[in-house]
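Worksheet: one structure, shown below.
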Amino acid sequence: MSNVAVIGAGYVGLTTAACLAHIGHNVTCADIDEDRISQLNNGEIPIHEARLPELVQEGLSNQALKFVVGAQRSITTSDFVFLCLPTPQGEDGRADIGAVLDVIEEIRQLVPPQTIIINKSTVPVGTIALIEAAIQREDVSIVSNPEFLREGVAVTDFLQPDRIVIGATSSEVGERVAALYDSIDAPIIAVDPASAETIKYATNSFLATKVSFVNGLAAVCEAVGADIESVTRGLGSDQRIGSRFLQPGPGWGGSCFPKDMQALVRIATDAGYEFDLLRAVIEANDQQFDRIVHKAELLLGEELAGKNLALLGLTFKAHTDDLRNSPALEVAKRLAAKGAKLTAYDPMITSPTELPDDIGVAATIEQAMTGSDLALILTEWPEFTRANWANLIDLMNAPRVVDARNVLDRKSMVELGYQYDDLGRI
Ligand SMILES: NC(=O)c1ccc[n+]([C@@H]2O[C@H](COP(=O)([O-])OP(=O)(O)OC[C@H]3O[C@@H](n4cnc5c(N)ncnc54)[C@H](O)[C@@H]3O)[C@@H](O)[C@H]2O)c1
């Protein structure tokens, strides 16, 4: 058992803290947000993440997990300090590591000798070296340990990862970090810090590219009369390619892909390489949002101005409450710009406070659908697949559905009387 501090109690920090406590460590998790910490101390979880409430409760009950306000209070007795801080996209495309450097400044004189600081935030290549320079402590080691969890299944991903990447200059320090994860059955990829930082960007950029590839392929399928599901079944069963991340959709988004793509383009440019492939993927993703809007226009057969649209789904994917850079919101913004009136239903979003003013929030699917001229499915929540589409049709002003997640059965929808469009299916 080790004494561990986790700084940042967001999606990554809270998951890291709860899971490390679950596998036997003594964890103190810190955040600057006092409300968040008092909520957590009361056992309330500020984000929606499967299994997290149970693990936090378990940690609080057996006192393996504590929450404190401010980084300084978490580190005084820790052997390891995890940094799980936000690194939003800066104006020039680079990730902004201001929060990471602020915390280093806050704790640098207080961390006990021999502490290992482990960075989980996604940061520009070279940040570990920057932290080493900023902390000015010969007796403290800095290690990169990028996080690959997916929101919605974050706990499972943390406890059963495909791999654990550890970037350390000293193999002995790297082994001490690896030992923290002893009870997790996953290969350890021990590399240098710059390679660890690059692996994180490479992973997200590759996945975004795969999604944009299949979105383009779906457009081709529509044009040539092929079926995207048949095509991806054949494509994905090639083991060199794999079937995951081959589902077409309204475009990629979320808190990571857009900023990580921009950051890798910027890293490459700074290093003298123009990563035009990634630029093209970013552009293709932007066009995908427009394609969904165009599908709505085509199905309506007239302009969007003044039309009532039901948006089903707002979060960037199912099983999370995260709206950051959600493709659904991107599409909504473009529909609103063309004068459409928007009413959205999302099982996780009950108040309009986090939404642009021009999106009304409905409490149920039925409420959103009532009086609508067209519905768009923008997030793949299972309840949209399970919904009673035979009844919903009576609530609509006109039965039109753009299924931007391919979650409904095309044949059944057409048989029910809907004008129905999806992505590349026949
Ligand atoms: N969300 C994901 O799915 C995911 C997955 C892998 C990697 N990442 C990366 O992990 C990092 C964190 O992402 P996140 O989604 O958890 O962010 P988040 O915004 O959900 O959480 C960050 C937390 O840090 C806190 N914080 C900010 N400054 C602080 C300070 N000075 N002291 C203490 N706490 C402070 C914030 O209050 C917030 O609660 C980012 O670099 C992100 O790119 C995120």
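Read the figures in this text as sums done on the coordinates, not as results from a lab. The structure displayed is predicted, hence computed values, not measured ones. Note that each Cβ is placed from the backbone with ideal geometry, even for glycine, and that neighbours are counted across all protein chains shown.
Remarks
- HN-Hα J in Hz across the range 210-219 - Karplus 6.51, -1.76, 1.60, θ = phi - 60°, x for Gly and Pro: 5, 5, 5, 4, 6, 5, x, 4, 4, 5
- By the helix-only formula, in which each DSSP H run with n ≥ 4 contributes -39500 (n - 2.57) and the sum is divided by residues, the chain has a 222 nm mean residue ellipticity of -13000 deg cm²/dmol.
- Summing +1 for each Lys or Arg and -1 for each Asp or Glu among the other residues whose beta-carbon sits under 14 angstrom from that of L60 gives -2.
- On the beta carbon distance between D79 and R386, with R0 = 35 Å, the FRET formula returns roughly 0.15.
- Exposure proxy for Y273, Y181: other Cβ atoms within 10 Å of each Cβ, ordered fewest to most, give Y273, Y181.
- The phi-based Karplus calculation (6.51 cos²θ - 1.76 cosθ + 1.60; θ = phi - 60°) puts the 3J(HN,Hα) values of the range 224-230 at 10, x, 9, 10, 4, 5, 5 Hz, whole numbers, x for Gly and Pro.
- Global form of the range 3-191, assessed from the alpha-carbon gyration tensor, a/c cut-off 1.5: rounded
- Cut-off under 5 Å, modelled amide H: who pairs with F67 long-range: C29
- Taking every C-alpha pair closer than 8 Å and separated by at least 6 residues, the mean separation divided by the residue count of the range 3-191 gives a relative contact order of 20 percent.
- Spatially proximal lysines relative to K259 (Cα-Cα < 18 Å; intrachain offsets below 8 disregarded): K120, K200, K210, K317
- The share of alpha-carbon pairs in the range 281-421 lying farther apart than 19 Å comes to 44%.
- Centroid-to-centroid separation of the range 17-46 and the range 236-276 [C-alpha atoms, Å]: 32 Å
- Size of charge dipole - the range 120-217 - debye, nearest 20, with Cβ of Lys, Arg +1 and Asp, Glu -1, no other charges: 400 debye
- Using only alpha carbons, the range 119-245 has a radius of gyration to Kirkwood radius ratio (Rg to Rh) of 1.11.
- Under 17 Å from the Cα of K338 - lysines, other chains or at least 8 residues apart: K295, K307
- With the largest listed first and rounded to whole Å, the semi-axes of the equivalent ellipsoid of the range 92-181 from the Cα gyration tensor are 23, 18, 12.
- Helix 52-61 and the long axis of the chain differ in direction by around 30°, with both axes built from C-alpha atoms.
- Simple Cβ-charge dipole of the chain, Lys/Arg +1 and Asp/Glu -1, about Cα centre, in debye nearest 20: 560 debye
- Once the convex hull of all Cα atoms in the chain is built, its volume per residue stands at 148 Å³.
- ³J(HN,Hα) computed for each position of the range 172-179 - Karplus, 6.51 cos²θ - 1.76 cosθ + 1.60, integer Hz, glycine/proline x: 5, 5, x, 5, 5, 5, 4, 4
- Average projection, convex hull of the Cα set of the range 248-317: 6.1 square nanometres.
- Listed residues C29, T209, L40: farthest to the positive end of the dipole of the chain (Cβ charges): T209
- Across the range 272-380, Cα pairs under 8 Å and at least six residues apart give a relative contact order of 32 percent.
- Dipole of the chain, positive end: most advanced residue of C256, V56, N119 [Cβ charges, Cα centre]: C256
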